[in-house]
Amino acid sequence: MVDLTINTDVARQILTGFIRSEVTRAGFSRAVIGLSGGIDSALSCALAVDALGKENVLAVRMPYRSSSPDSLAHAELLIKQLEIPSKTIEITNMVEPFFALDPNITQLRKGNVMARERMIVLYDQSEVFKGLVIGTSNKTEILLGYSTQWGDSASAINPIGDLYKAQVRQLSRAMHIPTVIIDKAPSADLWDGQTDEGELGFTYEQADQLLYLLVDQRYSLQECVDAGFDKQFVNQIINRVRRTQFKRMLPPIAKLSNRTVGYDFLYLRDWGT
């Protein structure tokens, strides 16, 4: 077993400093977070409160009519614990007219529409609250491409994107996130009975262990097999990481000049930052 233990005190200090510096660098002092009732958004929210102060973080709950009542209740637990302002904006009446346009619409399509509608709501509230949208995707999800592009993956900054799921749990415990949130089965809550691991076909623990070897340690396929992983599973994960690379990038720009955004113009450098 790979040891993914982190120093939670150091991680907390780095991540709160990251939020504070990136938010203020952009000329803001506030943040907006979509609070789902799950562990990832709970941790991002708690870190933002640490960095910016409880009065400067707005939690937005965005249920659909089939959303689990527990999701709302667990989000409310954290809202009360952190003493932060919050809004509940239901998306049912926003998305159902779109669903009605196609009687053959699939659950996956519905889930993508809901994820993108929630991001519309969040960015609207970002303008109302004058705060940056904070991301809630962890490293495991990002590497697996387990997200809706321009939906739950969209944000201005992401403080937890370099934490594997196991490390999100470690830091959440250290930051006293309610146990009921930490221990429940991860779910995007997009349809009845949906769970992340059920949809993926493997556990986050399995993915964390293998991804750490592949990505952080740069193991080859054969080295992962020699370390005890099933070859078919290793191939499955490698192929998934490869084919979802487009989700981890801004749209590539065709290069015509000497200073192309994303290739040569990467940092502001001398532009006063």
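Look through the range 35-61, keep the residues that are farther than 18 Å from residue 15 by Cα and in contact (Cβ under 8 Å) with a residue 60 or more places away in the chain, and return whichever of them is surrounded by the most Cβ atoms within 10 Å (Cβ to Cβ). Among those that are farther than 18 Å from residue 15 by Cα and in contact (Cβ under 8 Å) with a residue 60 or more places away in the chain, it is 36. Each residue in the range 155-165 was checked for being surrounded by 20 or more Cβ atoms within 10 Å (Cβ to Cβ) and over 8 Å from the mean Cα position of the chain (by Cα), and 5 pass.
Are any of the residues in the range 73-96 surrounded by 20 or more Cβ atoms within 10 Å (Cβ to Cβ) and closer than 27 Å to residue 201 by Cα? Yes, that holds for at least one residue. Of all residues in the range 204-248, those being surrounded by fewer than 12 Cβ atoms within 10 Å (Cβ to Cβ), over 14 Å from residue 142 (Cα atoms) and hydrophobic (A, V, I, L, M, F, W, C) number 0.
Select from the range 55-114 the residues that are out of contact with any strand residue (DSSP E or B) (no Cβ under 7 Å at 6 or more places or on another chain) and small (Gly, Ala, Ser) and list them in ascending order. 66, 67, 68, 71, 73, 100, 111, listed by residue number. Filtering the range 1-21 to residues that are out of contact with any helix residue (DSSP H, G or I) (no Cβ under 9 Å at 6 or more places or on another chain) and modelled with pLDDT under 95 leaves only 3.
At least 3 residues being closer than 26 Å to residue 45 by Cα is the threshold, and among the helices (runs of 4 or more DSSP H) wholly inside the range 161-267 those reaching it are 165-174, 179-183, 196-200, 204-211. The residues listed here are 219, 263, 204; of these, the one that is in contact with a Ser or Thr (Cβ under 7 Å, 6 or more places away or on another chain) and either modelled with pLDDT under 95 or more than 30 Å from residue 114 (Cα to Cα) (or both) is 204.
Might you check whether a residue that is more than 29 Å from residue 15 (Cα to Cα) and of a type in the set (Lys, Arg) occurs anywhere in the range 84-104?
Taking every residue of the range 84-104 in turn, none turns out to be more than 29 Å from residue 15 (Cα to Cα) and of a type in the set (Lys, Arg).
The values are calculated or read from the model by the stated rules, or taken from the named source; none is laboratory data. Note that the coordinates shown come from a computational prediction; the quantities given were computed from them, not determined experimentally. Backbone-built Cβ (ideal geometry, glycine too); neighbour counts: all protein chains shown.
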